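The values are calculated or read from the model by the stated rules, or taken from the named source; none is laboratory data. Here the structure is a predicted model, which is why all the values come from computation and not from measurement. Backbone-built Cβ (ideal geometry, glycine too); neighbour counts: all protein chains shown.
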Amino acid sequence: MRTTALEFVERGKLGIYDLGDPPEPGPSHVLIETKYTGVTNGTERHAFMSEFGYGGNFPCRHGYQQVGEIIAVGRDVTAFQSGDWVFYGQYVGHNGWNLTDQGSLLFKLPKSIERRYCALFGVAGVALRSVRRMGVGQGDNVLVFGQGPIGHFVGQTARASGAKVTVADVLEKRLEAARQCGAHAVLDAADATFFTTLEEGGPYNFIYDCCSAESLLFDIQAHGLLAHGGTIGMVAVRENVTYPWRILHGTEAKIETSCHFGLDDLRVLVFLYEQGLVKIEPMVSHCVSIDEASRIYEMLGNRDEELLGTIFDWSHEDREP
């Protein structure tokens, strides 16, 4: 078991924190040895680079995607036992071990799935929650701007809900992952015919902002992309939101936001993953030893286009995606 954790010590600089050895679990606690953690690209970059109101209070720890094995339980624990593999979704950062109450955001993982890819259940859970909460259903026409990890999974989970899904981005690596995972239409947002193509495919019942482009809400209005009574889902982080009045006035449309996830979202996500309705492997760009964390965060801080889904392996062995 590793007894260290990652922390941001100043803007754009990663450090290592000594957790020490874990204590014995209390009556309702479980002790988890970390096997894999996933990088939450957007949130962690914002904190790492002190942007959009995140970070600045250094040192700090960020992240909410941990997969591990329970190695000890308290005397009153009934939901878990030693040897169980779990996903732990509390906002605790990247730690070599975690001690938590059995009633926390902790979900037992079945043996039937590839557990290292479950290290991205956090971003997938955020996406699924937004799709469920906003009511995407069969036959809906859905448009997703941005194919970073959360935008990617918004597209997948909307499709799994029975919707027709169009996704857009400017990076070919992201577009190719969307193609592999079954998006109905995959568009390059840099193409000169982009908005013409969107107009032909619209209007859209649900439009998700997973990119934070400043002009996006005005572009949606200018090109008549939102259906009457439709919903704009604001998933990407912004400091402020400005929108044209007419996008809602007289349209009976709405703007909503959604963040994080709960145990029931994880239950549904595991089912979709087991059935092959949600795929994770195609959007994993890096699966590396935790010892490579400094390199990964340097890439994250520089907005390296090669970085998509990233998983840290807390053993001593480097692994390829």
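Observations on the structure shown:
- Being in the same structural domain as ILE232 (by TED's automatic domain parsing) and either assigned to a loop (DSSP other than H, G, I, E, B) or over 23 Å from GLY224 (Cα atoms) (or both) is a property that does not hold for ALA168.
- VAL270 hydrophobic (A, V, I, L, M, F, W, C) and at pLDDT below 95: no
- Out of LEU187, LEU217, LEU198, sole residue that is under 12 Å from VAL144 (Cα atoms) and part of a helix (DSSP H, G or I): LEU198
- Being within 14 Å of LYS279 (Cβ to Cβ), more than 17 Å from the chain's Cα centre (by Cα), hydrophobic (A, V, I, L, M, F, W, C) and modelled with pLDDT of 95 or more holds for only one residue in VAL165, VAL142, VAL186, and it is VAL165.
- Scanning the range 223-248 for residues that are touching a strand residue (DSSP E or B) at 6+ places or on another chain (Cβ under 9 Å), modelled with pLDDT of 95 or more and outside any strand (DSSP E or B) turns up just one, LEU225.
- Every residue from the range 259-297 that is small (Gly, Ala, Ser) and either free of Cβ contacts under 8 Å to residues at least 60 places away in the same chain or not assigned by TED's automatic domain parsing to the domain that holds TYR88 (or both): GLY262, GLY276, SER289
- The strands (runs of 3 or more DSSP E) found wholly in the range 1-57 and carrying at least 2 residues that are crowded, with 16+ Cβ neighbours inside 10 Å, touching a residue at least 12 places away in the same chain (Cβ under 8 Å) and among the hydroxyl-bearing types (Ser, Thr, Tyr) occupy 29-38.
- Any hit, the range 38-46, residues being of a type outside the set (A, V, I, L, M) and modelled with pLDDT of 95 or more: yes
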